[in-house]
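So the structure is just underneath, and the comments pick up after that.
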Amino acid sequence: MLRFKSIISRIVFLHIVAVAITSILMSLALSWLLSFATDNIHDKAMQEQAVSVGNRLGLDSDGRLQLDLPLDLLGLYSQAYGRYSYAVIDDKGTVLFSSLPDHTALFPADTRQAPVEFLHHRRGNATVFGASVKKTIGDQTVWIQTGEDLANRDVLTDDIVADFYRNVGWITLPILLVLLLADIAIFRRALRPLREASEIAEGIAPERPGVRLPTEAIPREVRPLVSAVNQGLDRLEEGFRIQRDFTADAAHELRTPLAVLRSRIDLLEDPKMGDALRHDVDGMAHIISQLLDIAELDTLALQPGEKADLQAVAAGIAEFVAPLALAQGKDIALSGPTEPVWVRGNAEMLGRAIRNLAENAINHTAPGSTVEFVVEDNGTINVLDRGPGIGEDERKLIFRRFWRRDRRKQGSTGLGLSIVQRIAELHSASITVENREPSGACFSLKFVALKS
Amino acid sequence: MRLLIVEDNEELAELLAKGLKTAGYEADMLSTVEEARAVLSTTFYAAMILDLGLPDGDGLELLREIRQRDNPIPVLVLTARGGLTDRVHGLRSGADDYLVKPFALEELIARLEAQLRRPGQLLGSNLRIANLAFDTQNRQASIDDQPQVLSARETAVLELLMRSKGRVVSKKQVEDHIFGHSGEVASNAIEVYVHRLRKQLSERGARVQVHTIRGVGYLIAEEK
């Protein structure tokens, strides 16, 4: 079975098949009509010949039938010419006159039924076509038969048939081809609303879930498909909404009990006990935050045309994490341009990525060392630490969800870097990891820089 | 001084009230937007702690209504959603500050007091870190309860740092606070003032440290 990728090519193919079949059928029909017409002409000619032969029949003084053909007719029916022949039979079937050498009738069948009859008969190698015409002379009734040997058929009528194919037959092909081109044009025009719908469909993305395909201009035959796609999009949008709502609800349901627990611990009278519990609750809150971030990121997408100032975001995160770092005896420093560095992206998501890199760096950097944020004009943010660095073999693993180098280490979920990676994906940003001399790691996120 | 807690989780509301009581504040508890609307129109509170997810509506709606009626009550919003966009949304609706659950009671009280100490609000004006205190009323710093003489600019820097205890103050904020929007600021002027302040504080025995977060700003904290 032939398969076509495009409707146009399918139509062209089927049209060519149809054109081929049509031209064959048309030729057959036309040639049948033509031969019918020529046969008709021929029959008429034979009838006329029979009439003119009949006109030469007369009665002699004894009342016997006489055939007195003029010279031109004699030549026509001569043996030498051999093309035409005639015979006259009476009502008993007796052959009265015949141009044939054996003096027989042209048509052996009984021709004495109808006044005019058209017949054909095989004689030896030849097929004789002809007519039989009834004529009454005096009290005698005779039938005059005239015939033509088809092997020697009239050249003129044959020429008409041949000419028909040469001249008329060739016209049908271009006409059918023009029709084909017209069909393609009509079809392309009819498909235009579909092409427009496709362009709209290309713009459908999670950040624009409200987009639907237009149904007004769509041909009625295709409208069920377009409507079904729109309904499918409705369901998808609903799905996104449910998941977003779920994330928001889950955040509330998980964080409120933690807030209760945390407040209860803060009000404990034994402060030593409280410190350990607080640490646990804070760790749990951190895990929940990261899980919610991941869930939220799975339903989020970048709005087109959204931009963020990487410098401002980095400064905001540096401010945010500085107290945490200082509390652990570690420093934070930010360097790079002080003017805005515009990149394609969402400030909130950029901030989460940088925050996760920063928290990782603070956790791993040696006490007394500095975690550095370096912003570059080309839209890159580097986060450098003085920790143990990342081994070659670990560089692929670190971005996996829940991967941890040391599972016994508290407070690490293994989610931070997978959040960073997801945000980088959403922003078409690249992540690179390098080790520093003498020790430490440098994580770089390169976003798409915009000209300010 | 009475505070209003609007929080539908009764346990959390009670724990907050209990925590605030240890810090010397009495608090009333409500759990719906409807009740809060009714009570706020008749009763005066020093500040409100408002949860956003309430059973009969969104806390932000209530907040907008209050602000439309020009009620200047300081509002500290509690929310389970920590996104920056949520935060910006909350602050635009008229929240004065914002805390993501779960939070430390200490942090809640500190943020609340920061609001209550703002001009026109009710709280006394004594900010304190370790043995360093700062009275915002007469702009007087003291160490171990001994008043200290500092230059006007050192005092201004110290006030800003003390008001933002536990948080980083950006260099830009310090510049704006000291010089306003007038005139050019020498690029190292702020560094010079902070350096002098740091020297003064350590020479006079204050057990605090003014950290420089290079490229970001400054933070004052108890010395370790």
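The values are calculated or read from the model by the stated rules, or taken from the named source; none is laboratory data. If you're wondering where the values come from, they're calculated on a predicted model, not measured in any experiment. As a convention, Cβ positions derive from the backbone with ideal geometry for all residues, glycine included, and neighbour counts pool all protein chains shown.
Residues checked against (1) surrounded by fewer than 19 Cβ atoms within 10 Å (Cβ to Cβ); (2) of a type in the set (Phe, Trp, Tyr); (3) under 42 Å from the mean Cα position of the chain (by Cα):
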residue	(1), (2), (3)
A:360	no, no, no
A:372	no, no, no
A:396	yes, no, yes
A:420	no, no, yes
A:433	yes, no, no
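In region A:435-452, the qualifying residues are those that are exposed (fewer than 15 other Cβ atoms within 10 Å of the Cβ) and among the basic types (Lys, Arg), and the one that is modelled with the lowest pLDDT is A:451. Selection of first residues in region A:335-347 that are free of Cβ contacts under 8 Å to residues at least 60 places away in the same chain and within 9 Å of another protein chain (Cβ to nearest Cβ) and of second residues that are surrounded by fewer than 19 Cβ atoms within 10 Å (Cβ to Cβ) and part of a strand (DSSP E or B), restricted to Cβ pairs under 6 Å at least 6 apart or on distinct chains, gives the following pairs, ordered by first then second residue: A:335/A:374; A:336/A:374. The one condition from (1) away from chain A (no Cβ under 14 Å); (2) among the small types (Gly, Ala, Ser); (3) in contact (Cβ under 8 Å) with a residue 40 or more places away in the chain; (4) in contact with a helix residue (DSSP H, G or I) (Cβ under 6 Å, 6 or more places away or on another chain) that residue B:156 does not meet is (3).
Pick from region B:168-198 the residues that are among the charged types (D, E, K, R) and closer than 16 Å to residue B:150 by Cα: which of them is surrounded by the most Cβ atoms within 10 Å (Cβ to Cβ)? It comes out as B:198. Within region B:3-27, being loosely packed, with under 14 Cβ neighbours inside 10 Å and either within 14 Å of chain A (Cβ to nearest Cβ) or in contact (Cβ under 8 Å) with a residue 24 or more places away in the chain (or both) holds for B:10, B:21, B:22, B:23, B:26.
Within region A:230-248, the residues that satisfy the criterion of being within 14 Å of another protein chain (Cβ to nearest Cβ) and not hydrophobic (A, V, I, L, M, F, W, C) are A:244, A:245, A:247.
Within region A:263-320, being more than 12 Å from chain B (Cβ to nearest Cβ) and touching a Phe, Trp or Tyr at 6+ places or on another chain (Cβ under 9 Å) holds for A:295, A:299, A:307, A:309, A:310. In this entry, residue A:118 passes the filter for residues that are within 30 Å of residue A:163 (Cα to Cα) and either surrounded by fewer than 12 Cβ atoms within 10 Å (Cβ to Cβ) or modelled with pLDDT of 80 or more (or both). Of the strands (runs of 3 or more DSSP E) that lie entirely inside region A:40-151, those containing 3 or more residues that are in contact with a strand residue (DSSP E or B) (Cβ under 9 Å, 6 or more places away or on another chain) and not aliphatic (A, V, I, L, M) span A:84-90, A:116-123, A:126-137, A:140-149. Against the definition (under 20 Å from the mean Cα position of the chain (by Cα), surrounded by 14 or more Cβ atoms within 10 Å (Cβ to Cβ), outside the structural domain of residue B:109 (by TED's automatic domain parsing) and modelled with pLDDT of 90 or more), how does residue B:201 come out, yes or no? So residue B:201 fails the test.
Looking at region B:28-39, can you tell me whether even one residue there is closer than 30 Å to residue A:268 by Cβ and at the interface with chain A (Cβ under 10 Å from one of its Cβ atoms)? No, region B:28-39 has no match at all. Across region B:186-218, the number of residues qualifying as more than 14 Å from chain A (Cβ to nearest Cβ) and under 15 Å from residue B:134 (Cβ atoms) comes to 6. Residue A:329 meets the conditions (1) more than 11 Å from chain B (Cβ to nearest Cβ); (2) surrounded by fewer than 21 Cβ atoms within 10 Å (Cβ to Cβ) in every case but one. The failed one is (1). Just one of the listed residues (B:175, B:223) is over 30 Å from residue A:339 (Cα atoms), within 14 Å of chain A (Cβ to nearest Cβ) and within 22 Å of the chain's Cα centre (by Cα), and it is B:223. Among the residues here, residue B:224 qualifies as in a loop (DSSP other than H, G, I, E, B) and either loosely packed, with under 13 Cβ neighbours inside 10 Å or not assigned by TED's automatic domain parsing to the domain that holds residue B:133 (or both).
Being assigned to a helix (DSSP H, G or I), β-branched (Val, Ile, Thr) and away from every other protein chain (no Cβ under 14 Å) is a condition met by no residue of region A:208-216. Of all residues in region A:105-120, those that are farther than 10 Å from residue A:147 by Cβ have Cβ atoms under 6 Å from Cβ atoms of residues that are in a loop (DSSP other than H, G, I, E, B) and modelled with pLDDT under 80, 6 or more apart or on another chain, in A:117/A:111.
Listed by position, the helices (runs of 4 or more DSSP H) contained in region B:138-221 that have at least 1 residues being closer than 26 Å to residue B:112 by Cα are B:152-163, B:171-179. Within region B:75-114, restricting attention to residues that are surrounded by 15 or more Cβ atoms within 10 Å (Cβ to Cβ), farther than 20 Å from residue B:18 by Cα and more than 14 Å from chain A (Cβ to nearest Cβ), the residue that is modelled with the lowest pLDDT is B:93. Of a type outside the set (A, V, I, L, M) and over 18 Å from residue A:344 (Cβ atoms), is that true of residue A:316? The answer is yes for residue A:316. Please go through region B:51-74 and give me each residue that is under 16 Å from residue B:93 (Cβ atoms) and within 14 Å of another protein chain (Cβ to nearest Cβ), ordered by number. Answer for region B:51-74, where residues must be under 16 Å from residue B:93 (Cβ atoms) and within 14 Å of another protein chain (Cβ to nearest Cβ): B:51, B:52, B:53, B:54, B:58, B:59, B:60. Residues of region A:215-247 that are touching a Leu at 6+ places or on another chain (Cβ under 9 Å) and surrounded by 14 or more Cβ atoms within 10 Å (Cβ to Cβ): A:218, A:222, A:226, A:227, A:229, A:230, A:233, A:244, A:247. Being of a type outside the set (Asp, Glu), closer than 30 Å to residue A:201 by Cα, crowded, with 18+ Cβ neighbours inside 10 Å and within 11 Å of chain B (Cβ to nearest Cβ) is a property that does not hold for residue A:256.
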